[in-house]
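Notes follow once the structure below has been shown.
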Amino acid sequence: NACVRAVVRTAIFKGLEVYGVYRGYEGMIEGDIKRMHSYSVSNIVQRGGTILKSARSEEFRTPEGRKKAYNNLMKHGIEGIVAIGGDGTFTGAKIFFEEFGIPTIGCPGTIDNDLYGTDYTIGFDTAVNTALEAIDKIRDTAAAHDRIFFIEVMGRDAGFIAVESGIGGGAEFVMVPETATDIEGVVKSLKNLRKTKSSSIIVVAEGDDAGNAEEVMQKVKSKIKDTSKEFKVTTLGHIQRGGNPTARDRVLASRCGMAAVEGLLKGEVNCMAGVMNQQVVYTPFGDCIGKTKPLIEDHLKLIEILSI
Ligand code: F6P
């Protein structure tokens, strides 16, 4: 929402006419497109989600669907597009630009932070803080009852949320899709840790190679003989995808939204407006989709060192 607001208001500030496309590419195909004014985005900067709604569109994957979308945009005389989303959104935007040539810029909107071309994505900081708050609360029970908790956070293909919430939440282990999970190693470390700690927090990204939190817990449990130890699983799920955005997210969203409109006016096309090292950068969609943003290596080391 903060990004939508920034796009609308920057464009109006620059003397442009703005339309909102509802439900993403699905609404583009169905012609669900409405004029937006500066007041259309009043009172939304603090709200999670998106007033424009979101949808997955199978039809936009087809040339016929994209042609319908193009015709609808032409009805309104639309000359530039700002697409907010992640991998799927940019894959669609790239094909659409290549087919019809309407100048398009993306803004990085995904809680997963897995987009190349920006240090952080819009929604990530809020998701991490939500996960962190939950981990802090779960820790109270873990400590009081001497339990081992496996907490599942989102991240089908990326472990950014797991790593940052794990560091902030003082987790003993973090399991992520990017690195091979060594169950034997975890079991060995848990046994060692028992000499100094009576409870443990293990953060598991939902897409970890060893399975989700429940599966990982079963694998670890089956290798630990001490039956007095209680193992618990908590899946945080979609609470990570909502709620009032943090200040960091609102600022990032506002910057990217403004940069997208300014980029279009400067002639940048077929790319994403992101922020790297505090600077706005425009990265071709091809790179955003094709290149993998690696986890920060120091972060993985931190978890290992600080969990002793
Ligand atoms: O792509 C972002 C993401 O949050 C993933 O980490 C997660 O697996 C997925 O979305 C959940 O999507 P849905 O709400 O469609 O189940």
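The values are calculated or read from the model by the stated rules, or taken from the named source; none is laboratory data. Note that this is a predicted model, so its numbers are computed, not measured. Heads up, the Cβs are rebuilt from the backbone with ideal geometry, glycines too, and the neighbour counts pull from every protein chain shown. Note: accessible area is taken over every heavy atom of the protein model, side chains too, but ligands, DNA and RNA are not part of it. Shrake-Rupley method; radii C 1.70, N 1.55, O 1.52, S 1.80 Å.
Within segment 236-246, is even one residue over 25 Å from VAL176 (Cα atoms), open to solvent by 90 Å² or more (accessible area, probe 1.4 Å) and either assigned to a loop (DSSP other than H, G, I, E, B) or in contact with a Phe, Trp or Tyr (Cβ under 9 Å, 6 or more places away or on another chain) (or both)? Yes, that holds for at least one residue. Taken together, LYS221, LYS191, LYS232 contain a single residue that is open to solvent by 20 Å² or more (accessible area, probe 1.4 Å) and in contact with a helix residue (DSSP H, G or I) (Cβ under 9 Å, 6 or more places away or on another chain), which is LYS232.
Looking only at residues in segment 85-114 that are within 15 Å of the ligand (Cβ to nearest atom) and either part of a loop (DSSP other than H, G, I, E, B) or of a type in the set (Val, Ile, Thr) (or both), the one that is surrounded by the fewest Cβ atoms within 10 Å (Cβ to Cβ) is THR91.
Checked against (1) more than 16 Å from the ligand (Cβ to nearest atom); (2) under 20 Å from VAL281 (Cα atoms); (3) in a loop (DSSP other than H, G, I, E, B), VAL82 passes all but condition (3). For segment 66-75, the count of residues that are part of a loop (DSSP other than H, G, I, E, B), at pLDDT 95 or above and either touching a Pro at 6+ places or on another chain (Cβ under 7 Å) or among the aliphatic types (A, V, I, L, M) (or both) is zero. Looking only at segment 31-77, which residues are crowded, with 17+ Cβ neighbours inside 10 Å and among the acidic types (Asp, Glu)? Listed by number, the list holds a single entry, ASP32. Scan segment 280-288 and tell me whether some residue there is open to solvent by 60 Å² or more (accessible area, probe 1.4 Å) and within 27 Å of SER165 (Cβ to Cβ). Scanning segment 280-288 turns up no residue that is open to solvent by 60 Å² or more (accessible area, probe 1.4 Å) and within 27 Å of SER165 (Cβ to Cβ).
Taking (1) in the same structural domain as GLY31 (by TED's automatic domain parsing); (2) more than 16 Å from the ligand (Cβ to nearest atom); (3) open to solvent by 10 Å² or more (accessible area, probe 1.4 Å) in turn, GLY117 satisfies each apart from (3).
Evaluation of GLY263 against the conditions (1) open to solvent by 30 Å² or more (accessible area, probe 1.4 Å); (2) more than 19 Å from VAL163 (Cβ to Cβ) shows that the sole unmet condition is (1).
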